[in-house]
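Peer 1: My questions will all concern the structure given below.
The values are calculated or read from the model by the stated rules, or taken from the named source; none is laboratory data. Here the structure is a predicted model, which is why all the values come from computation and not from measurement. So basically every Cβ, Gly included, is an ideal-geometry build from the backbone, and we count neighbours across all protein chains shown. Please note that ligands, DNA and RNA were not included when accessible areas were found on the heavy atoms of the full protein model with its side chains. Shrake-Rupley method; radii C 1.70, N 1.55, O 1.52, S 1.80 Å.
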Amino acid sequence: MRIGVFDSGLGGLSTLLACLRYLPEAEYRFFGDVAHAPYGDKDPALVRQWTAEAYQRFLTAGVDAVVLACNSATSAAAAPLREQSPVPILGLEPAIKKALDTEEGPVLLLATTLTVKGDKLRILLQRIDSARRVRPVACPGLMEIVEGQASDWRIAAQNYWRERLYPHFEELQPSGLVLGCTHYCWLEREFRQWAGPDCRVYDGNDGVARHLWRRLFGTEAPLPGALPRSARIRLEFSADADRKKKLARDWLASRGVQLQERVRDTRIRPLSRG
Ligand code: DGL
């Protein structure tokens with residue numbers, strides 16, 4: 001089974017890790033559209049076009065499913081792509097519902113400008129009764145801090161939190177913090193620390209991985225397993241490829257996952273391609 005995982009850069013690797021807990025044997029094609037990143041500040045029509053190009057690339061590679069490991073690409077492109085797709089397209093959306101169902105207090109949502117301003121979020125919030133408890137905050141520049149991986153990126157992220165996000169946090173006193181961009185998931189440990197013990201941190205990665213399982217096999221996903229020590233992942237980037245591949249390998253290795261050199265097909269097949 002072959003699964004295409006797409007993001008504007010390295011952030012979507014956090015989604016790939018979640019998928020590996022359910023489907024450790026699958027072959028993954030990860031594509032990061034670094035040449036056009038960040039998506040979060042771009043015109044949604046352009047993001048739709050780039051996402052459609054990535055999707056075509058995956059179809060040509062014979063994937064059984066596509067995971068848009070990017071809230072911004074999902075917001076701009078998931079619906080039109082799904083209209084005629086022969087394979088399931090899974091998209092990430094901010095885990096607001098999960099946070100609201102679990103928490104009684106306010107929820108702070110951090111996402112890109114595109115996601116915060118997009119119709120998808122507006123419609124999602126309209127459908128949820130307790131949506132008044134959600135405060136969406138756009139975080140321009142935060143993706144770039146993670147993606148750039150400068151030697152001091154964690155310090156830069158902490159400064160971003162202190163100067164740009166903490167004022168919202170202090171005023172709202174949320175009991176839930178939703179990471180609505182896959183890049184922010186690489187700062188999950190830090191966000192937990194900054195938010196403190198009275199505020200829980202949520203993201204959509206586990207949800208999309210479970211949904212992927214349901215679409216492929218038609219059954220509820222089992223409990224997630226441990227991360228495999230090695231995985232079949234082919235990494236591709238639209239710019240700066242050598243450096244990004246090395247960063248990606250290092251990131252995966254920091255979670256104990258090594259890349260297998262040879263990527264072969266596996267015997268597990270999905271139920272259907274529809
Ligand atoms: N990682 C992406 C997301 O989940 C996009 C970040 C960006 O390119 O601005 O929204």
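Peer 1: Do you know which of the residues in the range 83-94 that are open to solvent by 10 Å² or more (accessible area, probe 1.4 Å) and not acidic (Asp, Glu) is nearest to residue 44 (Cα to Cα)?
Peer 2: Among residues in the range 83-94 that are open to solvent by 10 Å² or more (accessible area, probe 1.4 Å) and not acidic (Asp, Glu), the one nearest to residue 44 (Cα to Cα) is 91.
Peer 1: Hey, another quick one. Quick check: anything in the range 182-192 over 23 Å from residue 92 (Cα atoms) and either in contact (Cβ under 8 Å) with a residue 24 or more places away in the chain or of a type in the set (S, T, N, Q) (or both)?
Peer 2: No, that holds for no residue.
Peer 1: Filter the range 96-122 for residues that are in a helix (DSSP H, G or I), open to solvent by 20 Å² or more (accessible area, probe 1.4 Å) and either within 14 Å of the ligand (Cβ to nearest atom) or not acidic (Asp, Glu) (or both) and give the result.
Peer 2: Within the range 96-122, 97, 98, 102, 113, 116, 117, 120, 122 qualify.
Peer 1: So, of the residues in the range 218-232 that are under 20 Å from residue 29 (Cβ atoms) and out of contact with any helix residue (DSSP H, G or I) (no Cβ under 7 Å at 6 or more places or on another chain), which turns out to be least open to solvent (accessible area, probe 1.4 Å)?
Peer 2: Just the residues of the range 218-232 that are under 20 Å from residue 29 (Cβ atoms), to begin with: 227-228, 230-232.
If we keep only those that are out of contact with any helix residue (DSSP H, G or I) (no Cβ under 7 Å at 6 or more places or on another chain) too, we end up with 230, 232.
Values: 230: 49, 232: 20 Å².
So, considering only residues that are under 20 Å from residue 29 (Cβ atoms) and out of contact with any helix residue (DSSP H, G or I) (no Cβ under 7 Å at 6 or more places or on another chain), the one least open to solvent (accessible area, probe 1.4 Å) is 232.
Peer 1: Shifting gears a bit: Look through the range 2-17, keep the residues that are surrounded by 24 or more Cβ atoms within 10 Å (Cβ to Cβ) and away from the ligand (no atom under 13 Å from the Cβ), and return whichever of them is nearest to residue 215 (Cα to Cα).
Peer 2: Taking the candidates together, the pick is 3.
Peer 1: Further question: In the range 146-181, how many are in contact (Cβ under 8 Å) with a residue 12 or more places away in the chain and open to solvent by 50 Å² or more (accessible area, probe 1.4 Å)? Explain how you work it out, then say what you get.
Peer 2: Taking the range 146-181 and keeping what is in contact (Cβ under 8 Å) with a residue 12 or more places away in the chain, we get 146-147, 149, 154, 157-158, 160-161, 164-166, 168-169, 172-181.
After this cut, where a residue has to be open to solvent by 50 Å² or more (accessible area, probe 1.4 Å) as well, the list is 154, 158, 164, 166, 168, 173.
Of the residues in that region, 6 qualify.
Peer 1: Suppose we filter the range 25-81 for residues that are part of a helix (DSSP H, G or I) and more than 13 Å from the ligand (Cβ to nearest atom); how many remain?
Peer 2: Within the range 25-81, residues that are part of a helix (DSSP H, G or I) and more than 13 Å from the ligand (Cβ to nearest atom) number 14.
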